[in-house]
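Values quoted throughout were computed directly from the atomic coordinates according to the rules given, and no laboratory measurement underlies them. Since we're looking at a predicted model, the values are computed, not measured. Cβ sites come from the backbone with ideal geometry, for glycine too, and all protein chains shown count toward neighbours.
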Amino acid sequence: MNNTETIFELKIDETTKNNFKAVSLWAKINAVVAFISIGISIATIILTAGMIGADAAGSLFGQQFIAMSISILLNVVLLSAAKNIQKAVSFTDQGAFNKGLGELARYLKIIGILFIVASILVIIIFLFLLLVGGFGRG
Amino acid sequence: MEERENILSDDLLIDPVSGGYLRESTSWSKVTAIAGFIISIFFFIFVYQYISMLTESRSVFRRSGPSGQEKLTAVFYVLAGIIHFALSFLQFKYAGNMQNALRNNDQGSLIAAFNNLKIFSLIRMIVAILVVIMFALILVALMDKQSF
């Protein structure tokens, strides 16, 4: 109980509340737009199937499936964080605030892991291109 | 007495639970930002390579210059790299300010951190909307192609 009192010096003032309202609204829009984007991707694959054949489209869908699953997971977490933070700011609900920040931390953790994987892949591609002479020869 | 009043206040507070989550988000934001910087640097190297390839092919094939589409692609890649770098920078600043706020109980840094997060979310939202518009245009073009 004692250590809870020292950290209470930080509070969410009006400026931060307004920032939180904007962050949660934009995060919500971001998540909804991402869901629309997934829907469009699926529609594009279905339409492409007519041109490239069902087998090739199936393989394309297989490749996209992992990316779509990660995107859905990420945006469900983001949406949940945004909803909880919005609720917390509107009704001064400490429980929802904590839950929202927890979801935000989870979202940033997933993004962090994805970025680490992406940067490793970029470095590997760069090294590969250096080795095969893909750079500097046009 | 003062602390007791604070605990019973109606304001939202950074309590140990939310403080823990903010610490976690700070460390992950820093990791993401550093990885983002690395990706941006390599991205710029790839873009530089792409532009020099265009210039080289221009001199080899004695063309008047890169086509409009090639120029547009190069500009698109440069813009994407700049936006990616800016997002990583904002995330890094958010992490730094939040770390300072939590370590020193600095209200100013807390406000600055959430301001960084606000700008970060705004840019992310704009990029997401632009990407979805681009996807929708591709879908419309495909549908158009299928109808003919």
Compute the angle between helix A:94-132 and the longest alpha-carbon principal axis of chain A, please, reported from 0 to 90 degrees and rounded to the nearest 10. 30 degrees
Hey, what do the phi angles of the stretch B:110-116 turn into as Karplus ³J(HN,Hα) couplings, whole Hz, using 6.51/-1.76/1.60 and θ = phi - 60°, x for Gly and Pro? 5, 5, 4, 5, 6, 5, 4
Of B:L12, B:L22, B:L79, the one that fluctuates the most in a GNM where chain B has Cα springs shorter than 10 Å: B:L12
Would you mind telling me which residue in A:I29, A:I110, A:I52 has the biggest mean-square fluctuation in a Gaussian network model of chain A, where springs connect alpha carbons within a distance under 10 angstrom? A:I52
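In whole percent, what relative contact order does the stretch B:34-148 give with Cα contacts below 8 Å and a gap of six or more residues?
On the way: 61 pairs, mean separation 25.1, N = 115.
For the stretch B:34-148, the relative contact order is 22 percent.
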List, in order, the whole-Hz ³J(HN,Hα) value for each residue of the stretch B:140-145 obtained from phi through the Karplus relation with A = 6.51, B = -1.76, C = 1.60 and θ = phi - 60°; use x for Gly and Pro. 4, 4, 5, 5, 4, 5
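Under the 0.36 nm per residue contour assumption, what length would be gained going from the current alpha-carbon distance of A:A56 and A:V132 to full extension? Mind dumping the intermediate values first?
Values: separation 76, 0.36 × 76 = 27.36 nm, distance 2.91 nm.
Length difference between fully extended and current span is 24.4 nm.
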Tell me the angle of helix B:16-60 to the major Cα principal axis of chain B, expressed in degrees between 0 and 90 and rounded to the nearest ten. 20 degrees
Which of A:M68, B:G108, A:V23, positive extreme of dipole for the protein assembly as shown (C-beta unit charges): A:M68
In degrees, nearest 10, the alpha-carbon axis of helix A:54-91 is tilted away from the dominant principal axis of the alpha carbons of chain A by 10 degrees
Cα-Cα longer than 21 Å, checked against A:K21/A:K99; A:K99/B:K93; A:K109/B:K30; A:K17/B:K30; A:K87/B:K30, kept in input order, equals A:K99/B:K93; A:K17/B:K30; A:K87/B:K30
